[in-house]
Number of protein chains: 2
Amino acid sequence: MAKKLVFGHKNPDTDTVASAMAASYLVNHAYGEDSQAMAQGEPNAETKFALAHFGLEALPVATAADTDEVYLVDHNEAAQSIDNLADVTVTGVYDHHKIDFKSNAPLWFINKPLGSVATILYYEFQQADVEIPAALAGMMASAIISDTLLLKSPTTTPQDQPALEALAKIAGIDDVNAYGLELLKAGTDLSSRSAKDLIDGDAKSFEMGGNTVRIGQVNTVDVDDVFARRDEIEAAINEEIAADGYDTFILVVTNILDSDSDILVLGQNQDKVEKAFNIELTDGRGSLPGVVSRKKQVVPPLTEAF
Amino acid sequence: MAKKLVFGHKNPDTDTVASAMAASYLVNHAYGEDSQAMAQGEPNAETKFALAHFGLEALPVATAADTDEVYLVDHNEAAQSIDNLADVTVTGVYDHHKIDFKSNAPLWFINKPLGSVATILYYEFQQADVEIPAALAGMMASAIISDTLLLKSPTTTPQDQPALEALAKIAGIDDVNAYGLELLKAGTDLSSRSAKDLIDGDAKSFEMGGNTVRIGQVNTVDVDDVFARRDEIEAAINEEIAADGYDTFILVVTNILDSDSDILVLGQNQDKVEKAFNIELTDGRGSLPGVVSRKKQVVPPLTEAF
């Protein structure tokens with residue numbers, strides 16, 4: 001059987017790397033495939049921490065497939081996928097995002113609204129009765145911790161906690177909370193990242209009442225660390241607003257220890273943002289206690305207010 | 001929680017009815033939903049036989065949802081779905097067809113290339129650790145038998161046989177083969193169906209090399225029963241060719257006991273059909289030994305030849 005490649009999304013995070021590893025292992029051991037997990041870029045600081053912790057190498061990097069068939073994990077839309085997706089056959093998809101997908105034939109397409117793709121894959125291993133090696137279980141546990149902020153994000157589902165518990169046990173993680181905080185902190189070393197990288201790394205654009213609203217998010221253990229670099233960040237945001245024509249740019253700076261966020265709002269519509277969250281912005285900055293999820297807690301009230 | 005409806009595809013067959021029943025039961029018992037299985041039309045003769053055998057009523061019929069949320073089984077494309085699909089939210093999909101689907105949010109979307117959707121749902125029940133009632137298991141076993149022609153169709157996968165065996169056991173079917181033949185025969189009482197219904201019931205159009213090729217399929221236990229009505233059938237086909245502008249019409253008459261088919265070819269391109277199957281047509285009729293699957297054994301060689 002010809003080799004198949006398993007790809008996560010662009011700008012790989014811990015869930016996309018762990019899920020590529022897990023999906024490849026699953027289809028090789030449960031369905032007789034000969035697949036190789038890949039990444040579309042170098043691991044981020046958090047993923048590097050997890051890889052080192054469990055003694056694993058980073059995945060080979062490629063942004064196109066040199067095989068006829070691929071699996072996709074943690075994404076299903078072409079914009080987030082490999083460059084030559086249109087030229088290859090998608091054999092399977094494991095994902096937890098909204099769907100925009102078309103195929104010419106039936107395939108394995110497992111999409112569930114769970115906290116992480118690693119959670120979905122944990123249950124697929126159970127169903128296929130395939131044992132998970134300890135290091136892989138460690139990466140999958142790290143993915144659940146990362147995507148659910150240690151089960152505290154509102155994206156967390158009832159299925160994530162038992163999966164994390166079982167995977168941590170296989171991986172030999174004695175104190176999930178302690179390991180989880182170490183992992184999340186490893187991902188928040190912002191000092192080495194440029195202002196442009198901070199505002200761009202995770203940013204997405206949304207159309208809201210005729211306005212283009214760009215929303216970026218940065219995780220940290222101290223929001224003041226980020227706002228200490230405000231001049232530099234503000235310059236980078238204003239440059240993007242001018243270059244890309246955004247009406248509003250919102251940077252969500254999330255304290256992963258306290259599960260709170262501060263936002264920095266630049267451009268038009270500051271009044272609408274104030275209305276959305278029922279707060280007052282001071283010099284563009286405001287506090288959103290208890291807010292950690294852009295998808296569940298930031299976008300919906302903004303959409304409403306705009 | 002507000003009630004949700006579970007819909008199979010238009011022109012319901014045994015797999016779509018059994019899967020609607022099974023998916024509804026699964027989500028109610030595993031995920032706390034309050035759902036109702038529906039059908040987009042009256043059951044066919046085969047499904048009626050299965051319902052009567054297991055003491056079940058036919059599903060309520062509707063072609064639109066009066067709820068905000070629906071589940072879809074055995075289809076995911078709008079053309080085969082309810083009339084107001086665009087106005088409702090799809091909460092989940094269980095299917096085994098090619099995918100053409102777009103959503104605004106993550107959802108349960110379980111698509112696997114297995115012989116029947118009932119097979120997929122059997123494993124979902126296992127994963128969720130929900131017991132399947134005997135009558136429902138009987139319908140699910142009937143669906144596997146129907147879609148795989150008693151595991152003899154080339155659409156059969158390694159997952160179908162163990163699912164059928166387990167479901168038959170729960171349903172108290174002692175002799176799966178004997179029950180399966182009875183069920184399939186019940187679906188082949190063609191005497192009560194009009195010629196137009198026979199050629200239309202299961203027909204699909206395909207674009208092949210600039211030609212519109214219409215391919216219908218009829219299951220029977222004696223192909224001569226069908227060809228005894230050839231004049232009537234030929235008139236109905238020629239009427240459709242004239243009305244709908246098909247270049248070629250192929251009726252595949254499949255003997256489900258022997259797993260062979262005869263074809264009747266009307267319109268243009270008889271030479272291309274002969275080339276596709278390496279046969280000679282006599283007065284438009286030819287034999288295709290071992291051919292039972294339109295999807296796997298009829299369409300691909302025709303596409304090649306055209």
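Selection of helices (runs of 4 or more DSSP H) fully inside the stretch B:187-306 by the criterion of at least 1 residues being under 24 Å from the mean Cα position of the chain (by Cα), of a type outside the set (A, V, I, L, M, F, W, C) and not assigned by TED's automatic domain parsing to the domain that holds residue B:50 returns B:195-200, B:223-227, B:230-244, B:299-305.
Residues are listed down the side, and each one gets a yes or a no for (1) touching a strand residue (DSSP E or B) at 6+ places or on another chain (Cβ under 6 Å); (2) polar (S, T, N, Q); (3) at pLDDT below 95; (4) surrounded by fewer than 20 Cβ atoms within 10 Å (Cβ to Cβ):
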{"position": "A:189", "(1), (2), (3), (4)": "no, no, yes, yes"}
{"position": "A:193", "(1), (2), (3), (4)": "no, no, yes, yes"}
{"position": "A:207", "(1), (2), (3), (4)": "no, no, yes, yes"}
{"position": "A:219", "(1), (2), (3), (4)": "yes, yes, yes, no"}
{"position": "A:238", "(1), (2), (3), (4)": "no, yes, no, yes"}
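Kindly establish whether residue A:178 is over 16 Å from the mean Cα position of the chain (by Cα), surrounded by fewer than 20 Cβ atoms within 10 Å (Cβ to Cβ) and not β-branched (Val, Ile, Thr).
Working: over 16 Å from the mean Cα position of the chain (by Cα): yes; surrounded by fewer than 20 Cβ atoms within 10 Å (Cβ to Cβ): yes; not β-branched (Val, Ile, Thr): yes.
Yes: the conditions hold for residue A:178.
Screening residue B:91 on (1) under 22 Å from the mean Cα position of the chain (by Cα); (2) crowded, with 19+ Cβ neighbours inside 10 Å shows it passes everything except condition (1).
In the set (1) buried (at least 24 other Cβ atoms within 10 Å of the Cβ); (2) at pLDDT below 95, residue A:17 fails one condition alone, (2). Do you know which residues across the stretch A:126-143 are under 22 Å from residue A:219 (Cα atoms) and in contact (Cβ under 8 Å) with a residue 60 or more places away in the chain? Correct list: A:138, A:139, A:140, A:142, A:143. In this structure, residue A:157 does not satisfy being closer than 23 Å to residue B:128 by Cα, buried (at least 24 other Cβ atoms within 10 Å of the Cβ) and not hydrophobic (A, V, I, L, M, F, W, C). Each residue in the stretch A:35-82 was checked for being touching a Gly at 6+ places or on another chain (Cβ under 6 Å) and farther than 17 Å from residue A:23 by Cα, and 3 of them qualify. Residue B:37 meets the conditions (1) free of Cβ contacts under 8 Å to residues at least 60 places away in the same chain; (2) in a loop (DSSP other than H, G, I, E, B); (3) surrounded by 21 or more Cβ atoms within 10 Å (Cβ to Cβ); (4) away from chain A (no Cβ under 14 Å) in every case but one. The failed one is (2). Of the residues B:114, B:150, B:51, B:85, the single one that is within 25 Å of residue A:113 (Cβ to Cβ) and either under 18 Å from the mean Cα position of the chain (by Cα) or not assigned by TED's automatic domain parsing to the domain that holds residue B:177 (or both) is B:114. Restricting attention to the stretch A:1-53 and to residues that are among the small types (Gly, Ala, Ser) and in contact with a Pro (Cβ under 6 Å, 6 or more places away or on another chain), the residue that is farthest from residue A:69 (Cα to Cα) turns out to be A:41.
Among the residues here, residue A:25 does not qualify as within 14 Å of chain B (Cβ to nearest Cβ) and touching a helix residue (DSSP H, G or I) at 6+ places or on another chain (Cβ under 9 Å). Highlighted here are the strands (runs of 3 or more DSSP E) found entirely within the stretch A:57-144 that include at least 2 residues which are closer than 15 Å to residue B:99 by Cβ and more than 9 Å from chain B (Cβ to nearest Cβ): A:69-73, A:89-95. Residues that are crowded, with 16+ Cβ neighbours inside 10 Å and in contact with a Pro (Cβ under 7 Å, 6 or more places away or on another chain) do occur in the stretch A:112-121.
The values are calculated or read from the model by the stated rules, or taken from the named source; none is laboratory data. The structure displayed is predicted, hence computed values, not measured ones. In this analysis, Cβ positions are derived from the backbone assuming ideal geometry, glycine residues included, and neighbour counts consider all displayed protein chains.
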